[in-house]
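Shown next, in structure tokens, is the structure this report addresses.
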Amino acid sequence: MGGRIGKARLSTAAKCYIRGMAGRSLFDRLRKEGWKVVKELISDHSPETLYLEFKCKAHDGQPGKLHDDDRKNLAKAISAFANTEGGCLVFGIRTERGKGDAPDYAKDAQPINALGAFKGCVEAILRDVVNPAPAGIELEAVEDRPESDQGVLAIYVPQSICRPHRANMGPGDVREHYYQRSGSRSDIMPHSMLAALLGRVPSPALYLRIWIWSEEQPSTRSKLRFSLELWNEGRGTARQPAIRLFEVVEKCREFWGQAISSMQLKQGWTVTKSPPNTAVKEEGTILLASSPETVVYPGDRLLLNEGDTATFPGIWPSETSFPVQIKGAIYAVDAPPVEFDQKFTMVVGGDKMRLRLPEGLLLAL
């Protein structure tokens, strides 16, 4: 397996957490481009995701007022987004159920009448809808035409550093519960996760390590091999871990998708790919998920791939340099998500390298 790989140079800070990026980018587009984005969401049948949820305002004959169902939907969504990775809630879009296990998707607009008054009512209860009140929530009223006072209300909720947040409004089956985003749903947070956030039990500390080396080919060209390891350096146990990697939208290529496709995964691990969503400028994703029986104990180092088959796309001339970006998150049943977004430059020819995420430390070995 010999070979060499060149020195890698960090092009960003050693530590960079990007929280709720997909929800943030959609909210910024709605603020800047207005109703055009709403029409895109509907025409593209954009699905609800970890970062995006659609709701209709309850019709109770009182335009601009909050119904109990509105308070319930606000409490669940804000609690879930703040407790997970942040996201965007859009009031005024009706959804239709996806086929099979597919998520619900945007079907059509149901514009909110007296939109300005409705926005004011939401602003008035933000400090009380969940407990404690999360910081940094932003609202944007998006009219279907200028000065119509009807349209949709977008609510951006960042991931909170003061988790967990409990729903404080709504009926008894919602109030007093802690929620988290699970795929495209807002679910009640399991006890193990809540206990970890409250500090009652030790938490795992999961890190993804990528080992990279080159395998020389004829004509002074090299294949770049890699392997993935999941390390638990915490005091708690992580159950059913998963790793999500994003493709970079601007480059419009499946760099990590092709790389992961070349891996022979350990038994119990599966790969799921999701294409990019151009309507919300959301990256495509690759999800590496383990079986429910997978456990990473404190001090464990779990190798994800069998053998040395995993290869970065392309055959690279010696001394060639190229930029690489790895962005994603690590999940486990008993731990909050850990995000990473790291850019670095590879130079073919040099020493074997190790990349540790989320810190983004790149070491020559």
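Here are a few things to note about the model shown:
- Its alpha carbons give the range 34-189 an Rg and a Dmax of 14.7, 41 Å.
- Sorted by Cβ neighbour density within 10 Å, fewest at the top, the residues Ile42, Ile155, Ile243: Ile42, Ile243, Ile155
- Taking each of Lys72/Lys327; Lys55/Lys119; Lys99/Lys273 in turn, the alpha-carbon distance tops 23 angstrom for Lys72/Lys327.
- Count Lys and Arg as plus one, Asp and Glu as minus one, and take only other residues whose Cβ is under 14 Å from that of Glu123; the net charge is then 0.
- In a simple Cβ point-charge model (Lys, Arg +1; Asp, Glu -1; nothing else charged), the range 34-189 has a dipole of about 260 debye relative to its Cα centre.
- Taking Lys and Arg as +1 and Asp and Glu as -1, the other residues whose beta-carbon sits under 11 Å from that of Leu287 total +2.
- Selected from Ser148, Asn113, Val174, residue furthest toward positive end of dipole (the range 34-189; charges at beta carbon): Val174
- For the range 34-189, the relative contact order is 31 percent, taking Cα pairs closer than 8 Å that sit 6 or more residues apart in sequence and dividing their mean separation by the residue count.
- Residue order, fewest to most surrounding Cβ atoms within 10 angstrom, among Ile161, Ile125, Ile286: Ile161, Ile125, Ile286
- Neighbour counts of C-beta atoms inside 10 Å place Lys273, Lys55 in the sequence Lys273, Lys55, starting with the fewest.
- Extension gain, Ala102 to Lys65, is 10.0 nm, computed as 0.36 nm per intervening residue step minus the present C-alpha separation.
- Within the shell of other residues whose beta carbon sits under 12 angstrom from the beta carbon of Trp269, the net charge comes to -1, with Lys and Arg scored +1 and Asp and Glu -1.
Bear in mind these aren't lab numbers, they're just calculated from the coordinates by the rules spelled out. Source: prediction; values computed, not measured. Here the Cβ is made from the backbone with ideal geometry for all residues, glycine too, and neighbour counts use every protein chain on show.
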